[in-house]
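Comments concern the structure below.
The values are calculated or read from the model by the stated rules, or taken from the named source; none is laboratory data. Computed from a predicted structure; not experimentally measured. Cβ sites come from the backbone with ideal geometry, for glycine too, and all protein chains shown count toward neighbours.
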Amino acid sequence: MGNFFYTTSVVRGLLIFISGVLFFTQTAYAAVSYSQTVTLDPGWNIVSTPRLLESHSFSAPETIANFSIYTLDPAQASGWATMADFGQSEFIPLYGYFINNKTATSQTLTFNYKASTTPNERLFERTFTQEGWYSFGIANPSYAKAQGDNTTDIDNPDHILNSLLGATSNYDSVVDFTDASFVTDPDSVALVDQWNLKIRSADVTDTTEINSLNDFRETKGYAIYIKNPGAILNGFQNADIPQCADGIDNDGDGKVDFPDDLGCTSALDTGESNLPAGTMTLAKSPTYADQTVTVPWTAYKIAEYQVITAGDDTFALGVLGLELLGSTTTVESLTDIYLVVGGTTTPGYATSTRVFFWIGEGETFAPNSTTKIDVYASLPSIIAGETIATQFVVAGVSYNSGEIVTTDIVGGQMITASSTTSTTPPSPPLPPSPALFSDWSNIQITDFPGDENVYYGEYPALTSSDNGYAVAWEGSDGSPVGENIFFQRLDIDGNPIGQALELSDHGYCGCLTAYPPNISWNGSEYGVAWIDVQLNTNGTIRGNYLRLVTINNSGATTSDELVRIEDGQGGVTWTGSVNGWTFSPSFTNGASVSVSSGKIYFNSTTTVNELVSAVPGNNSHPFLISSGAYFAVVWMNVQNNKLQLYFGSKRMGSSTPDTTAPVISNIATTNITESSAKITWTTDESADSKVYFLPAIILAGNDGGYGTSHSINLGNLSYPATYSYVVVSKDASGNTGTSSEQSFTTVGQTITAAQGLLNATIDASTPLAGIVVGNSMPKLASFKFSALNDSFTVTELTAKVASTSDAMTITELVFKDGSTELARVPFVGVYASSTGFSIVIPSGSSKVIDVYANLGSSSGANIGVTLSGYAAMSSSGVNSFENVDLVGNDIYVFRTRPTIRDVSLSATLSTGTKVLARFAIDADAGGTLAWRKLTANFTKSSSVSLGNFQIFDRSTAYDWSGFPIPGAQPVAEGVALSDGNTATFVSSVDQEIHAATTKVYEIRATVSGDLQSGDYVTTSVAPARLQYDPPTFLSGVASSSNIIWSDLSASPHSDASLDWNNDYFILYQSHQVEDRTLTY
């Protein structure tokens, strides 16, 4: 075969400005599979596939006796790999395959290309994992020569390998194994004795050496020496089957496909026409001479170019890069640079030496035409005596079928700035005339298939968001359950996004939708609200319920809430506020819509009866909103026994079009890693999102959705590398905003050598609440040990306990790691110290040590634990003792706790002063307790009124036989809170319950109202709090505690003593009374 060799030369240079990037636009036909055949000479050949394969076949049986297949791969010890080594069962684009034809006669290899592919499948990427020789294939229809293409050499190697260039070249050398046979057979894939190896120039911008190779050709393979691991080779295939392989007579000449149609140069030729390929040339205009201008001057034409097209193609120019030549001061002093193409003004984004113009998608150049491009800039007086010139570098040119014939660099006129009067320069162009109002759009939102009585949407409501609209309506999708509520997102033009969501299921919940929905946007979510009339199982109406469903911007429902209301707002779209949402009526601020004779009309301060609904049929039920610079309407339309919903929008206010570009701000680069980064920014109006790498104007990320918050994730980045970029956002009117130049540097893992450190802190799990002495071994404190930069072993702990009373007796402390007991230490004096620990804390982790105490029978005082010191040893064997003073929380020790339980009552209740609930408070054997405040909650029918709340002690309110004692006094009066469903009772004295006894209390109130059958009252003692909060009793009703009680353990006991507690420690047993049905 020959011998491989490589060079150790190093290639460095600048990023090359990519020119002539082509984007094919072709007609799509039905999927027709097609094939391409490669001739394999006896011996070694090297092939590649330019497209994804459905299958392949050899003309002889594919056996090891007939064919061997290898690729170059430095990861293998031999330097060679089989397809199986890569996990391949089919030939893959961008790989070069050496095939040894052992049959001694010529054979063929047929590539059967995949007929149907997705956009992602048509993009190829190959990452080279280490330095060394690889065989690679060609998949780049923009530049690669197809089979049978014998046109002049176009120097395509550098273009095809462009993705392997960065700040320095990622490859060193390239080998063409078929070079000697190129003159006689350019398509030959047979290896010959004479190979052609070219070394990449040390100057990355110098392409002479690499382009001296013969043009790369499809179906051939080559070898490349990769210098930098992680280098990426990109490729792609076109979306459609070329005309010369689609089985169709596209040009009507009676000939079909290659080779029968003489207009086809190969099976991959995109057109059967015999017309010559079109060309496009960008050149300096010969009619505009060099200039001398008096400065300062605003909007001076500094250059004039021509776009010249020839042949049968139409071209579009997407991006232009304009380089400014002159002194640094001169270049940086230019402002307000813009160009005019075909009457359209395009602002430019300027860096220190280059200006970029995004021409837009609609600027096309007809065949055989000449179009002028004028460049303008404001020239300050500071540049007097200086000379400036321009030169264009072309990028982003798309065309129908022809080839681009133009130089990468085109120089413009010389402009000399002078402080003296000179020839008057040409006047700048006038701005384009403002566009007139467009008609109202009429976009169909729904597509109901049949009878308007079975499939329909009615009473629509509309709202706008940052990136479009959303509509809600009441209707039916044909299911037998009746009417439901539907939701549909729309883009900024009103076109539906995805499928409509069905928000209700009235066949399931036993509901009837009574009234139409409304819709709102809160900046992050949509809210849809409507009235459901809910039914009892017997068919009677239970009540009106307001249903609120929230949906996020991607169309997923996030919550579904039901609120019982009294007012159903019968027959109209629901308006009002609920749970922080506001639902507004159809917009009326200076504008309105009306219905007349089945048509919808718009009226405002400047418009009278302007037709909105251009669609035929009966149009009705419009809903109008104002959305930024637009009015928007949704309405119902009935025609041909079908009912559909339509959307219309139109610019509001002046007829002057929007010519203001989005203002970009808050640019940030975050989440930077070795290979990725995230770019975010905001705009002052809704716009799309693009990020371009500089200086080559390479599109790095794109999001076509509209919004004011923008985010692009970048991947496949190099490390270490600095990337310059701009962000670009275009609004719905086509105005483009461009940021100033930004940059970031990819970062790898940072390793910092640091001394090991062990920290001790109070852990968040340290108890805040009081404790009850009945728990003889409560947890008093938790201490957290955290290791940094080293591992440690804690070997000793010393703790100190302090109390507000000498009567407190502590016999021992217990240290625990979770549920594992580490040590039990006798408590002597005020300290307890334990040695012999072996608590391992790995580097970067933490361990929590809990401290428990045996309190014996002592209570009635605060107690707290302090960590005084600890000993630890690092992984390197260094021992140390740290004196610390970590003070835990003061915790009050109670001697008893109350239990509250219900006492049953009759299930019926009548009007008048009645008993609403009975409950008992038990004191355990630990001691006497007392309460001073209690809160009760009431749930009732809306027609029931309650007042005059009181609590009675049954032992003083009833005699021994159970009859009420006349004139008995309540122990506490109740105060109804503002919510109408809560009452708080406060006693002026301690209500004591002696140790091991019980007292029964009852809540009385006056019951009144216009009562109806089924009305009810439910009473409950307020539930326990989830955390301990020592109450300030004298705050009374204002206290946040539901119950305030004391175990009377403080000496002396008073309103301000520490033995007061809230409801955190209360034991509850069924503290809610059953519903009580009222009788009257």
Taking TRP133 as the residue in question, decide whether it is closer than 26 Å to ILE224 by Cβ, of a type in the set (Phe, Trp, Tyr), assigned to a strand (DSSP E or B) and modelled with pLDDT of 90 or more. no
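For the range 893-913, name all the residues that are within 54 Å of the chain's Cα centre (by Cα), closer than 30 Å to THR809 by Cα and β-branched (Val, Ile, Thr). Steps first, answer last, please.
Just the residues of the range 893-913 that are within 54 Å of the chain's Cα centre (by Cα), to begin with: 893-894, 897-902.
Next, from what is left, pick out any that are closer than 30 Å to THR809 by Cα: 893-894, 897-899.
Those that are within 54 Å of the chain's Cα centre (by Cα), closer than 30 Å to THR809 by Cα and β-branched (Val, Ile, Thr): VAL893, THR899.
Residue-by-condition table, conditions (1) touching a strand residue (DSSP E or B) at 6+ places or on another chain (Cβ under 7 Å); (2) part of a strand (DSSP E or B); (3) modelled with pLDDT under 85:
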position	(1), (2), (3)
LEU643	yes, yes, yes
SER675	no, no, yes
ALA700	yes, yes, yes
SER711	yes, yes, no
PRO720	yes, no, yes
SER724	yes, yes, no
Looking at LEU916, is it farther than 23 Å from HIS994 by Cα, more than 49 Å from the chain's Cα centre (by Cα) and either buried (at least 22 other Cβ atoms within 10 Å of the Cβ) or not assigned by TED's automatic domain parsing to the domain that holds GLN1012 (or both)? yes
Check the range 545-559 and report whether any residue there is over 32 Å from the mean Cα position of the chain (by Cα) and at pLDDT 75 or above. yes
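Consider VAL975 carefully, then state whether it is buried (at least 18 other Cβ atoms within 10 Å of the Cβ), closer than 22 Å to GLY912 by Cα, in the same structural domain as PHE949 (by TED's automatic domain parsing) and among the hydrophobic types (A, V, I, L, M, F, W, C). Even if it seems obvious, please write down each step before you answer.
On the way: buried (at least 18 other Cβ atoms within 10 Å of the Cβ): no; closer than 22 Å to GLY912 by Cα: yes; in the same structural domain as PHE949 (by TED's automatic domain parsing): yes; among the hydrophobic types (A, V, I, L, M, F, W, C): yes.
For VAL975, the condition - buried (at least 18 other Cβ atoms within 10 Å of the Cβ), closer than 22 Å to GLY912 by Cα, in the same structural domain as PHE949 (by TED's automatic domain parsing) and among the hydrophobic types (A, V, I, L, M, F, W, C) - is not met.
Considering only the range 48-68, state which residues are surrounded by fewer than 19 Cβ atoms within 10 Å (Cβ to Cβ) and either in a loop (DSSP other than H, G, I, E, B) or of a type in the set (Val, Ile, Thr) (or both). It would help to see each step written out before you state the result.
Step one: filter the range 48-68 for residues surrounded by fewer than 19 Cβ atoms within 10 Å (Cβ to Cβ), giving 53-66, 68.
Matches in the range 48-68: SER59, ALA60, PRO61, GLU62, THR63, ILE64, ALA65, ASN66.
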Quick test for you: out of ASN214, ASN228, pick the one residue that is out of contact with any Leu (no Cβ under 7 Å at 6 or more places or on another chain), more than 18 Å from LEU164 (Cβ to Cβ) and in the same structural domain as ILE160 (by TED's automatic domain parsing). ASN214
From the list SER163, SER188, SER201, SER169, exactly one residue is of a type outside the set (Lys, Arg), in contact with a Ser or Thr (Cβ under 6 Å, 6 or more places away or on another chain) and touching a residue at least 60 places away in the same chain (Cβ under 8 Å). Which is it? SER188
Has the range 149-160 got at least one residue that is β-branched (Val, Ile, Thr), outside any loop (DSSP other than H, G, I, E, B), at pLDDT 85 or above and within 30 Å of GLU62 (Cα to Cα)? no
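Suppose we keep only residues that are of a type in the set (D, E, K, R) and closer than 21 Å to LEU548 by Cβ within the range 479-500. Which one would you say is modelled with the lowest pLDDT? Quick ask: steps written out before the conclusion?
Our first condition is that a residue be of a type in the set (D, E, K, R); within the range 479-500, this holds for 483, 489, 491, 493.
So of that shortlist, the ones also closer than 21 Å to LEU548 by Cβ come out as 483, 489.
Values: GLU483: 73, ARG489: 88.
Taking the candidates together, the pick is GLU483.
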Identify all residues within the range 660-709 that are charged (D, E, K, R) and in contact (Cβ under 8 Å) with a residue 60 or more places away in the chain; write none if there are none. GLU674
Quick one: would you say ALA115 is farther than 30 Å from THR208 by Cα, in the same structural domain as LEU53 (by TED's automatic domain parsing) and out of contact with any helix residue (DSSP H, G or I) (no Cβ under 7 Å at 6 or more places or on another chain)? yes
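Determine, yes or no, whether ASP885 is surrounded by fewer than 19 Cβ atoms within 10 Å (Cβ to Cβ), in a strand (DSSP E or B), of a type in the set (D, E, K, R) and assigned by TED's automatic domain parsing to the domain that holds TYR870. Outline the logic, then answer.
On the way: surrounded by fewer than 19 Cβ atoms within 10 Å (Cβ to Cβ): yes; in a strand (DSSP E or B): yes; of a type in the set (D, E, K, R): yes; assigned by TED's automatic domain parsing to the domain that holds TYR870: yes.
For ASP885, the condition - surrounded by fewer than 19 Cβ atoms within 10 Å (Cβ to Cβ), in a strand (DSSP E or B), of a type in the set (D, E, K, R) and assigned by TED's automatic domain parsing to the domain that holds TYR870 - is met.
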List the pairs whose first member sits in the range 982-1011 and is without any contact (Cβ under 8 Å) to a residue 60 or more places away in the chain, whose second member is of a type in the set (Val, Ile, Thr) and buried (at least 16 other Cβ atoms within 10 Å of the Cβ), and whose Cβ atoms are under 7 Å apart, counting only residues at least 6 apart or on separate chains? THR982/THR935; THR984/THR935; PHE985/ILE951; SER987/VAL971
Hey, can you tell me all the residues within the range 579-600 that are closer than 28 Å to TYR526 by Cα, modelled with pLDDT of 85 or more and not aliphatic (A, V, I, L, M)? SER594
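Please go through the range 741-758 and give me each residue that is at pLDDT 70 or above, surrounded by fewer than 17 Cβ atoms within 10 Å (Cβ to Cβ) and over 38 Å from the mean Cα position of the chain (by Cα), ordered by number. Give the steps one after another, and end with the answer.
Start the filter on the range 741-758 by keeping residues that are at pLDDT 70 or above, which leaves 741-747, 756-758.
Keeping just the survivors that are surrounded by fewer than 17 Cβ atoms within 10 Å (Cβ to Cβ) gives 741, 743, 745, 747, 756-757.
Matches in the range 741-758: GLY756, LEU757.
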If you go through the range 350-357 one residue at a time, do you hit one that is at pLDDT below 60, surrounded by fewer than 16 Cβ atoms within 10 Å (Cβ to Cβ) and under 21 Å from ALA283 (Cβ atoms)? no
Candidates ASN120, ASN45, ASN100 - the one that is of a type outside the set (D, E, K, R) and in a loop (DSSP other than H, G, I, E, B): ASN120
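Please go through the range 482-500 and give me each residue that is touching a Lys or Arg at 6+ places or on another chain (Cβ under 6 Å) and outside any strand (DSSP E or B), ordered by number. Let's see the steps before the verdict.
Keep residues of the range 482-500 that are touching a Lys or Arg at 6+ places or on another chain (Cβ under 6 Å), which gives 497.
Correct list: empty.
Residue-wise test of (1) outside any loop (DSSP other than H, G, I, E, B); (2) out of contact with any strand residue (DSSP E or B) (no Cβ under 7 Å at 6 or more places or on another chain).
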position: ASP902; (1), (2): yes, no
position: ALA920; (1), (2): yes, no
position: ALA930; (1), (2): yes, no
position: ASN937; (1), (2): yes, no
position: SER943; (1), (2): no, yes
position: THR956; (1), (2): yes, yes
position: PRO966; (1), (2): no, yes
position: ALA983; (1), (2): yes, no
